[in-house]
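Asker: Provided herewith is a single structure, encoded as structure tokens, for subsequent inquiry.
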Amino acid sequence: MNWLAPPVVELRRPAAVPAGALWRLVTPAAVAALLGISRLLPETGFGLWVRLAAGTLVVILPGVFVARCLGQRSAAAAFASSVTLVGAGLALTFAVGGSLDVTLAFLLAAGALAFVWSLTGRNAREVRLPGAARFMRGFLVVGGLGLGVGLWFVQGAFTGDTFFHLGRMRKLDALGSLSLHNVGEFAHGGLHPGYAFPMWHAWLALVARLAGVDPASVAAHESSLLAPLALVLAFEMGWAIFRSTGLAFAVVLGQVAIKCLAPGHAGVYPFLWEPSTVATQLLVPAAIAFFFHFVRRPSRPVAIMLAATSGSLALVHPTYALFLAIPLGAFVVARVLLTRGTDLRNGVLGFAVFGLPMSLAFIWLEPVVQQTIPVSPGPKQLQANLDHYHVDLVVHSLSRYSLQAARIDRNGSIAIAALLLVPLAVFARRRRWGALVLGGAVAVLGTELWPLVFPHFSDAVSLSQSRRLSGFIPFAVALAGGAAIVSRFSRTLAILLGLISGIWLQVVYAGDFGLRARATEPAAPVWIALYGGIAALVIGALLAWRRRDRPVAAVGRQRGITTALAVLLFALPVAVHGFSNWSPKTAEDKYALTPGLIRFLQRDVPPRSVVIADLGTSYRATAFAPVYVVAVPPTHAANTRPNELRKRRLAVLRFLRQPTLDVAQRWRAQWIVLTRDERLRAIARLGRPVYEDERFVVFRALPLPR
């Protein structure tokens, strides 16, 4: 080598950009552009829809990138990751006492890091659906958008728990120095055991913040944007269970029919934004999909997604996570009985992955639960609870009572048919869906109908919640699976039986809905499902353990199409009923606050002020302004010892009988809101009003001059 020779400079080409990297920039750039354009549009009509769509996409997009890093391209993975990231950001916000901006910064930073990581090509191996399943998923997105348009026009007046959830969203959006205790309706009040960690409220508040709209607009119309996601998640759940596009589509049909169309007025779908509904219609299908993916083929990415979904579900609605654990645990047991131990290891491990985050959430919530009065009530409180829910119960004594069988299948023809088809799962005893239907139905019905078990279960979760366990019977899976069994014997019979029985059941048993619905549904299908399911488990176990069982053939493509057609024809009368009653359930709130009072509370009353008013007005005031109140209707607040609901209610009633500043000042109320009738009694005692309109008058609670 000639050391005196001049050095040779080697010119190298820059490293090639990974294939598809530039194309991946299109999605975040398009979403960012849509968000910017949407802020130029009005906050009404189509402009509001675009704003909400842009805000929703921005919140979900970081979850998409995190899921891709784990090799997961499903909607379930994207949604679960998004909710989990918001929860982590909210925890950081509470830890540092910051505002919602901290949560938003954490979400966007996590999404940016995941996006950069995804460009390195070090992602886990991607799992994709087959072409037919991807086509069906796209079809459901389009159908869900159409359904969302319909939901936009069926949205009525705010009622019930809407004000409770809207109040938490508003405080998260408006207040700084956030903590777990300052997003409720009471100043220095206790936590709500079901919503102690307002993860989903923060998710919605972020949509409102990004869209630049009032949280009330999100409460009114976010369901329109979540409808496509609900359909896709139901499909992904069905695919994970059946591994058939046709049967997965049949699951979607059954789910939409029983939850959206059968009750009329779009069922629960106008409330897809509320935590209880998002738990059952979005998080539960996602958790079931990940659980069955893990049982079929365990992997670390799927385990991470299952654990994240379980933790999110346990924090969004704790009791529903426990309710889901019952059919999942029963599936593992039934699978072992019916197949001589197949999937035992994977099933136990998957159940542990699901149960660990849920258990950690319950341990954190335990101190709050112990302060809740309806949990483990005394004899006097228990008697009051039994009297309150007597329509739903069969009561033998204070220690022996159960749910009425006729209350379980009151959701109409879909529920009745699903229960009647449960025993047919014995013909699919070696398939996973058969174990889920048999084990889940028997476990849930046994818990609800056995008077020796139901009281203890109610003591643990409260009687108000324990009645809802029956909703976790896998109705849609039982309907799709039963139709597949019938179509295996005769395609023509399955199609004709679906149409004829669908019409007959819809005419005879349209369903009872509402909190105080009349129990007119037959109890026989419930008992057939319970005892038929038990018999099917026993027969299947005997055949399996005596080595006389034959492998069950998978449902082919043609059988899947036939099954989907049969379920479609069966649900057609339900759809006719649902769309014939496509109108707001509550068109008007006769106790609504006037626009002038809402503007006064939002602009002239400082945040965190305490307002005293009648219960209904107080409940609405805490929803439309970031204020606290002295009392709200007891049925819409956490009945915990720190909240002192009875004491608060009596104080407000005493104040309304004789309005004086003493009661207001005792509860540290700075503002007094009265109706016109109440004003006549109070005007001489409270001084000059600071606001007045045709219905309300507001006073400042100042000390009386000496």
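Asker: Which net charge results for the neighbourhood of Arg666, defined as the other residues with beta-carbon distances under 12 angstrom from its beta-carbon, given Lys and Arg at +1 and Asp and Glu at -1? List each step's numbers first, then the result.
Answerer: On the way: positive: Lys647, Arg648, Arg654, Arg668; negative: Asp662.
Result for the neighbourhood of Arg666: +3.
Asker: Between Arg340 and Ala535, take the C-beta separation as r, use R0 = 22 Å, and let me know the FRET efficiency to the nearest 0.05. Please report the intermediate quantities before stating the final value.
Answerer: Details: r = 19 Å, r/R0 = 0.87.
With R0 = 22 Å, the Cβ-Cβ based efficiency is 0.70.
Asker: I've got another one for you. Applying 1/(1 + (r/R0)^6) with R0 = 35 Å to the Cβ-Cβ distance of Leu349 and Ser399, what FRET efficiency is obtained, to the nearest 0.05? List each step's numbers first, then the result.
Answerer: Numbers: r = 37 Å, r/R0 = 1.07.
Here the calculated transfer efficiency is 0.40.
Asker: What base-10 log of the normalised intensity I(q)/I(0) is obtained for the stretch 115-216 from the Debye formula, alpha carbons as equal point scatterers, at q = 0.11 Å⁻¹?
Answerer: -0.62
Asker: Antiparallel versus total DSSP beta bridges in the stretch 595-700: what percent is that, nearest 5? Spell out each step's value before the answer.
Answerer: On the way: 7 of 11 bridges.
Antiparallel bridges: around 65 percent, rounded to the nearest 5.
Asker: Any idea how far apart Thr660 and Gln381 come out in nm if each label point goes 7 Å out from Cα toward Cβ?
Answerer: 3.2
Asker: What residues from the stretch 462-486 fall in the zone where the backbone N is under 17 Å from a label point 7 Å along the Cα-to-C-beta line of Leu543?
Answerer: 481-486
Asker: What number comes out for the charge environment of Ala205, summing +1 per Lys or Arg and -1 per Asp or Glu over other residues with Cβ under 9 Å away?
Answerer: Charge balance near Ala205 sits at +3.
Asker: With a sphere of radius 13 Å drawn around the Cβ of Val332, what net charge do the other residues whose Cβ falls strictly inside it have (Lys, Arg +1; Asp, Glu -1)? If you can, show how the numbers build up before the last one.
Answerer: On the way: positive: Arg335, Arg345, Arg432; negative: Asp343.
Neighbour charge sum, excluding Val332 itself: +2.
Asker: Now a separate question. Which whole-number percent gives the relative contact order of the stretch 309-429, counting Cα pairs below 8 Å spaced six or more residues apart? Walk me through the numbers on the way to the answer.
Answerer: Numbers: 65 pairs, mean separation 22.9, N = 121.
Taking the mean separation of contacting Cα pairs over the length of the stretch 309-429, I get 19 percent.
Asker: Just to verify a number: FRET efficiency for Arg468 and Ala157, C-beta to C-beta distance, R0 = 25 Å, to 0.05? Before the final figure, lay out each step's value.
Answerer: Values: r = 25 Å, r/R0 = 0.98.
Computed FRET efficiency for Arg468 and Ala157 comes out at 0.55.
Asker: With a cut-off of 8 Å between alpha carbons and a minimum separation of six or more residues, what is the relative contact order of the stretch 54-580 in percent?
Answerer: Working: 894 pairs, mean separation 87.5, N = 527.
Relative contact order for the stretch 54-580 comes out at 17 percent.
Asker: Based on the alpha carbon coordinates of the stretch 595-700, what radius of gyration and maximum Cα-Cα distance (Dmax) apply, in Å?
Answerer: According to the Cα coordinates of the stretch 595-700, Rg and Dmax are 12.8, 38 Å.
Asker: Starting with the highest mean, order 95-106, 347-358 by the number of other Cβ atoms within 10 Å, averaged over the residues of each peptide. Please list the in-between numbers first.
Answerer: Working: 95-106: 16.7, 347-358: 19.4.
Descending mean neighbour count gives 347-358, 95-106.
Asker: Moving to a separate point now. Subtracting the Cα-Cα distance from 0.36 nm times the residue separation, let me have the gained length for Val391 to Arg296 in nm, one decimal. Let's see the in-between values first.
Answerer: On the way: separation 95, 0.36 × 95 = 34.20 nm, distance 4.23 nm.
Additional length available on full extension: 30.0 nm.
Asker: For the stretch 57-162, what's the radius of gyration and Dmax over Cα atoms, in angstrom?
Answerer: Computed over the Cα atoms of the stretch 57-162, radius of gyration and Dmax are 17.2, 49 Å.
Asker: Given the convex hull over the Cα atoms of the stretch 54-580, what projected area results after averaging over all orientations, in nm²? Please list the in-between numbers first.
Answerer: Details: hull surface 93.6 nm².
Convex hull of Cα atoms, orientation-averaged projection: 23.4 nm².
Asker: Roughly what % of DSSP beta bridges within the chain run antiparallel, to the nearest 5? Provide the component values of the computation, followed by the final result.
Answerer: Numbers: 12 of 17 bridges.
Counting DSSP beta bridges with both partners in the chain, the antiparallel share is about 70 percent.
Asker: How many angstrom lie between the Cα centre of the stretch 600-669 and the Cα centre of the stretch 463-505?
Answerer: When both Cα centres are located, 47 Å separates them.
Asker: On to the next question. Around Tyr389, which amide H atoms from residues at least 5 apart in sequence, or from another chain, sit under 5 Å from its own amide H, with H modelled in the peptide plane?
Answerer: Counting only residues 5 or more places away or on other chains, the set is empty.
Asker: Explain nothing, just the number: relative contact order of the stretch 595-700, from Cα pairs under 8 Å at least 6 residues apart, as a whole percent.
Answerer: Details: 157 pairs, mean separation 27.3, N = 106.
Relative CO of the stretch 595-700 lands at 26 percent.
Asker: Continuing with the same structure: Per the helix-only calculation at 222 nm, which mean residue ellipticity applies to the chain, given -39500 (n - 2.57) for every DSSP H run of n ≥ 4 and division by its residues, nearest 500 deg cm²/dmol?
Answerer: Values: 29 runs with 434 residues, N = 706.
Mean residue ellipticity at 222 nm (helix-derived): -20000 deg cm²/dmol.
Asker: OK, next. Order the peptides 625-636, 222-233 from the highest to the lowest mean number of other Cβ atoms within 10 Å of their residues. Could the numbers behind the result be given before it?
Answerer: Working: 625-636: 22.2, 222-233: 25.8.
Peptide ranking by packing, descending: 222-233, 625-636.
Readers should treat all values here as calculations from the given coordinates under stated rules, not as data from a laboratory. Bear in mind that the values here come from a model prediction, so they are computed numbers and not experimental data. For neighbour counting, all protein chains shown are included, and Cβ atoms are generated from backbone atoms with ideal geometry for every residue, glycine included.
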